Amino acid sequence: MSLLSRFGKDSSGNVAMLFGLAIIPLLGAAGAAVDYARASSARATLNAAVDSAALMVARDATRLTDAQLKTRAEALIRANLQGNSDAKLGSYSVLVNRTARTVSVKADTTVATSLTKIIGIDTIPVASTAQAGWGTNTIEVALVLDNTGSMDRSSKMDELKKATNKFIDTMQASNATPSNIRVSIVPFETQVRLPLSYKDEDWMRFKTRATDPAYLVQKQDWQGCVADRDSPYDTSDASAAALDAKYPATTCATSVTRNTGLAELRPLTDNWQNLRDTVTAMRPVGNTNVTVGIAWGLAALSRDAPLPEAADTGTPRLTKYMIVLTDGDNTDNRFTKDMPRGTNKAALIDPKTKAACDSAKAAGIKVYTIRVIDGNAGLLQGCASKPDMYYNVKDAAGIGPVIEAIAREISAVRLTM
């Protein structure tokens, strides 16, 4: 047999040849495990560096320009990458949104492989993103406060005034940036009383002819009181464009002369002294209609007429709150005031109160409710946004601690870092 024939039939050395062919992917797989561990370490280092840079840059956002923030972010990232030879900064970006008050930091790098190069992978990309905010949240609060005659008993009105003034103090102390926190006060009985400056607004409805409903009053005789809107507008903040959706000017249920009637509503403001003046003017008069109070609290927190001071609900990091305090059951409203004695008026008014609460919550408003000694506990519990946002106060002295606790809760959310 010739030498060539013997070579063709010889099978010795196959294992070595097969091993030589197999060692390449085996080394690649082993190298991939090592290089993946290195990439994971680089990713962890980059994540920590980007997170830290975002937080530090956000802290300085109010005093540095966008260009300065980008330079500072790069320096912070590079400083935090030191010590990990695989985590070298590649490209990066810093996006500052001064409307939303956020800083977004993105950075990437590549980890050069070692043994994985055998299977054609030279680098492993690594990227990280972080976002942080600065400043304070925007907070709007409507205080819907029972100013009915029963609040005169057991020092309830005195305690309410003290508690409300302390609430205002807390909000003022928390308002690091002008207009970040604003408060409205809605004193109510069966009606709400508005400043007379609203008399020419097109959303008002006055008596203009003999056939108009008897409860309406002529513009020249108006003392600021408004009753419930026509149903179904009385439980929402729906547009007042249509005639039957307008806000009805009516004769005040209690005298407003010589400072004896219902205090005026105060729209959203951060003029803290004006808010304190409204508290001073509060006095216990009249019967109870929680619905009209909530309806005007909703109006105070809504962007559109009749009270346009509120921020749009789409404003970044905006939270709206309503605090409803009452000491009794619903006793009267515009629709029940002429009903016969013995009529269960609460049964007719309570569903409207529930509907008004539902409208407020549907608008994204966080609702707290406070029952002081008396009132429909089930109705107020259901009105609150969550079970722990309902408070049952058993004596007048408990008003202050409850409102103080709510004030702390609200002011605590103002910080975002």
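For P316, only one of the following conditions fails: (1) surrounded by 22 or more Cβ atoms within 10 Å (Cβ to Cβ); (2) within 30 Å of P178 (Cβ to Cβ). What is its number?
Going through (1) surrounded by 22 or more Cβ atoms within 10 Å (Cβ to Cβ); (2) within 30 Å of P178 (Cβ to Cβ) one by one, P316 breaks only (1).
Is there any pair linking a residue in region 59-88 that is closer than 15 Å to N47 by Cβ and in the same structural domain as V103 (by the TED database) to one that is of a type in the set (D, E, K, R) and assigned to a loop (DSSP other than H, G, I, E, B), with Cβ under 8 Å and at least six apart or on different chains, and which?
From region 59-88, the pairs are L81/K88.
Would a scan of region 344-357 turn up a residue that is in contact with a helix residue (DSSP H, G or I) (Cβ under 8 Å, 6 or more places away or on another chain), without any contact (Cβ under 8 Å) to a residue 40 or more places away in the chain and assigned by the TED database to the domain that holds M171?
Among the residues of region 344-357, at least one is in contact with a helix residue (DSSP H, G or I) (Cβ under 8 Å, 6 or more places away or on another chain), without any contact (Cβ under 8 Å) to a residue 40 or more places away in the chain and assigned by the TED database to the domain that holds M171, which makes the answer yes.
Restricting to region 209-222, give me the number of residues that are at pLDDT 95 or above and part of a loop (DSSP other than H, G, I, E, B).
So the answer is 3.
Given the structure, is L348 over 21 Å from K199 (Cβ atoms) and part of a helix (DSSP H, G or I)?
Here the answer is yes, as L348 does meet what is asked.
Can you tell me how many residues within region 49-79 are surrounded by fewer than 20 Cβ atoms within 10 Å (Cβ to Cβ) and in a helix (DSSP H, G or I)?
Count: 16.
Which residue out of D66, D51, D35, D10 is under 48 Å from the mean Cα position of the chain (by Cα), modelled with pLDDT under 85 and of a type outside the set (K, R)?
Exactly one residue qualifies, and that residue is D35.
Within region 346-366, can one find any residue that is under 24 Å from K166 (Cα atoms) and crowded, with 17+ Cβ neighbours inside 10 Å?
Scanning region 346-366 turns up at least one residue that is under 24 Å from K166 (Cα atoms) and crowded, with 17+ Cβ neighbours inside 10 Å.
Search region 359-382 for residues being touching a residue at least 60 places away in the same chain (Cβ under 8 Å) and out of contact with any Asp or Glu (no Cβ under 8 Å at 6 or more places or on another chain), and hand back the single one that is nearest to A295 (Cα to Cα).
Result: A360.
Spot the failing condition for K219; the list is (1) in contact (Cβ under 8 Å) with a residue 24 or more places away in the chain; (2) charged (D, E, K, R); (3) out of contact with any Phe, Trp or Tyr (no Cβ under 7 Å at 6 or more places or on another chain), and only one is missed.
(3)
Looking at region 328-363, which of its residues are among the hydroxyl-bearing types (S, T, Y) and within 21 Å of S302 (Cβ to Cβ)?
T353, S359
Residue check, I370 against (1) outside any strand (DSSP E or B); (2) over 21 Å from I181 (Cα atoms), all met but one. Which one?
(1)
Can you name the residue in region 274-308 that is more than 24 Å from D152 (Cα to Cα) and out of contact with any helix residue (DSSP H, G or I) (no Cβ under 9 Å at 6 or more places or on another chain) and is also surrounded by the most Cβ atoms within 10 Å (Cβ to Cβ) among such residues?
Step by step, filter region 274-308, then rank; the result is A300.
Examine region 266-278 for a residue that is touching a residue at least 12 places away in the same chain (Cβ under 8 Å), outside any loop (DSSP other than H, G, I, E, B) and closer than 15 Å to N333 by Cβ, and state whether such a residue exists.
So far as region 266-278 goes, no, none of its residues is touching a residue at least 12 places away in the same chain (Cβ under 8 Å), outside any loop (DSSP other than H, G, I, E, B) and closer than 15 Å to N333 by Cβ.
Give the number of residues within region 279-303 that are under 26 Å from the mean Cα position of the chain (by Cα) and touching a residue at least 60 places away in the same chain (Cβ under 8 Å).
Summing the residues that are under 26 Å from the mean Cα position of the chain (by Cα) and touching a residue at least 60 places away in the same chain (Cβ under 8 Å) in region 279-303 gives 14.
The values are calculated or read from the model by the stated rules, or taken from the named source; none is laboratory data. Values in this document were obtained by computation on a predicted structure and should not be read as measured data. So basically every Cβ, Gly included, is an ideal-geometry build from the backbone, and we count neighbours across all protein chains shown.
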